[in-house]
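Let me begin by presenting the structure, written as structure tokens, before commenting on it.
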Amino acid sequence: MTELKLDPGCTLEFYNGKEDLMNFKLRVKVDGGIYRNGIFVFSFKVPASYPHDAPKVLCETTVFHPNIDMEGHVCLNILREDWKPVLTMQSVIIGLQFLMLEPNPDDPLNKEVEAPKPSFPLRLTAPYTTIHGSAQTIPFNIRPLHRRAPC
């Protein structure tokens, strides 16, 4: 954990105390994209077999996102099939930040967000995410810069 360099807007909380480095929460404040100004909390459970196995990550903030289901499971390739022992917590945190900036509607985990019509923007409302108490229009006709592996 000493090698972590958190971006502004990211904070770690060791809810079991600093002696338990295997369980923590990451709070991410998104500074751009369709989730701009949103604050999202991810819980990390690092297995004893780390770095050979990826950490288990759940999004605790309810969010209407194509790559996060309503139970908080996150579709991020490096947390599943593309995990390698050379990857670090820094890699996972950067991946989560990118996922919040560039959702991938072409490879959804949340099927409700799978295929909206480009001319019919979705609405983010209070039950799905808290963005300073207001709703935002989400245009899911924006496509990511590259494809991720399917979940």
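Name the pairs: first residue in region 52-63 and over 13 Å from residue 92 (Cα atoms) and in a loop (DSSP other than H, G, I, E, B), second residue modelled with pLDDT under 95 and aromatic (Phe, Trp, Tyr), Cβ to Cβ under 8 Å, at least 6 apart or on different chains?
Sorted first by the residue in region 52-63, then by its partner, the pairs are 62/128; 63/35; 63/128.
Name the residues in region 9-46 that are without any contact (Cβ under 8 Å) to a residue 12 or more places away in the chain and in contact with an Asp or Glu (Cβ under 8 Å, 6 or more places away or on another chain), would you? Steps first, please.
Taking region 9-46 first, the residues without any contact (Cβ under 8 Å) to a residue 12 or more places away in the chain are 14-20.
14 - this is the single residue of region 9-46 that is without any contact (Cβ under 8 Å) to a residue 12 or more places away in the chain and in contact with an Asp or Glu (Cβ under 8 Å, 6 or more places away or on another chain).
Restricting the search to region 6-31, which residues are in contact with a Gly (Cβ under 9 Å, 6 or more places away or on another chain), outside any strand (DSSP E or B) and within 13 Å of residue 42 (Cβ to Cβ)? Please lay out each step first, then the result.
Just the residues of region 6-31 that are in contact with a Gly (Cβ under 9 Å, 6 or more places away or on another chain), to begin with: 27-31.
Checking which are outside any strand (DSSP E or B) leaves us with 30-31.
The one that is in contact with a Gly (Cβ under 9 Å, 6 or more places away or on another chain), outside any strand (DSSP E or B) and within 13 Å of residue 42 (Cβ to Cβ): 30.
If a residue must be within 19 Å of residue 99 (Cα to Cα) and surrounded by 17 or more Cβ atoms within 10 Å (Cβ to Cβ), how many such residues does region 13-28 contain? I'd like the intermediate steps shown before the answer.
Narrowing region 13-28 to residues within 19 Å of residue 99 (Cα to Cα): 25-28.
Now narrow it down to the ones that are surrounded by 17 or more Cβ atoms within 10 Å (Cβ to Cβ): 26, 28.
Number of matching residues: 2.
If a residue has to be within 14 Å of the chain's Cα centre (by Cα), part of a loop (DSSP other than H, G, I, E, B) and under 18 Å from residue 76 (Cβ atoms) to count, how many in region 32-51 make the cut?
Matching residues across region 32-51 total 1.
Can you name every residue in region 1-20 that is within 14 Å of residue 90 (Cβ to Cβ) and in contact with a Phe, Trp or Tyr (Cβ under 8 Å, 6 or more places away or on another chain)?
First pass over region 1-20, keeping only residues within 14 Å of residue 90 (Cβ to Cβ): 1-7, 10, 12.
Within region 1-20, just 12 meets the criteria.
Check 63, 92, 74, 41 and return the single one that is surrounded by fewer than 19 Cβ atoms within 10 Å (Cβ to Cβ) and not charged (D, E, K, R). Spell out the reasoning first.
Working: 63 fails: surrounded by fewer than 19 Cβ atoms within 10 Å (Cβ to Cβ); 92 fails: surrounded by fewer than 19 Cβ atoms within 10 Å (Cβ to Cβ); 74 fails: surrounded by fewer than 19 Cβ atoms within 10 Å (Cβ to Cβ).
So the residue among 63, 92, 74, 41 that is surrounded by fewer than 19 Cβ atoms within 10 Å (Cβ to Cβ) and not charged (D, E, K, R) is 41.
Using the structure shown, decide if residue 34 is of a type in the set (A, V, I, L, M) and either surrounded by fewer than 19 Cβ atoms within 10 Å (Cβ to Cβ) or under 13 Å from residue 96 (Cβ atoms) (or both).
Working: of a type in the set (A, V, I, L, M): yes; either surrounded by fewer than 19 Cβ atoms within 10 Å (Cβ to Cβ) or under 13 Å from residue 96 (Cβ atoms) (or both): no.
Considered against the rule, which asks whether it is of a type in the set (A, V, I, L, M) and either surrounded by fewer than 19 Cβ atoms within 10 Å (Cβ to Cβ) or under 13 Å from residue 96 (Cβ atoms) (or both), residue 34 comes out as no.
Each row is one residue, and each column tells you yes or no for (1) under 13 Å from residue 66 (Cα atoms); (2) modelled with pLDDT of 75 or more.
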{"site": "83", "(1), (2)": "no, yes"}
{"site": "87", "(1), (2)": "no, yes"}
{"site": "102", "(1), (2)": "yes, yes"}
{"site": "105", "(1), (2)": "yes, yes"}
{"site": "109", "(1), (2)": "yes, yes"}
{"site": "112", "(1), (2)": "yes, no"}
{"site": "120", "(1), (2)": "no, no"}
{"site": "132", "(1), (2)": "no, no"}
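Okay, residues lined up against (1) touching a strand residue (DSSP E or B) at 6+ places or on another chain (Cβ under 6 Å); (2) of a type outside the set (A, V, I, L, M, F, W, C); (3) under 23 Å from residue 8 (Cα atoms); (4) surrounded by fewer than 17 Cβ atoms within 10 Å (Cβ to Cβ):
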position	(1), (2), (3), (4)
56	yes, yes, no, yes
82	no, yes, no, yes
88	no, yes, yes, yes
111	no, yes, no, yes
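The values are calculated or read from the model by the stated rules, or taken from the named source; none is laboratory data. Being a predicted model, the structure only gives us computed values, none of them experimental. Every residue, glycine among them, receives a Cβ derived from its backbone with ideal geometry; neighbour counts consider all protein chains shown.
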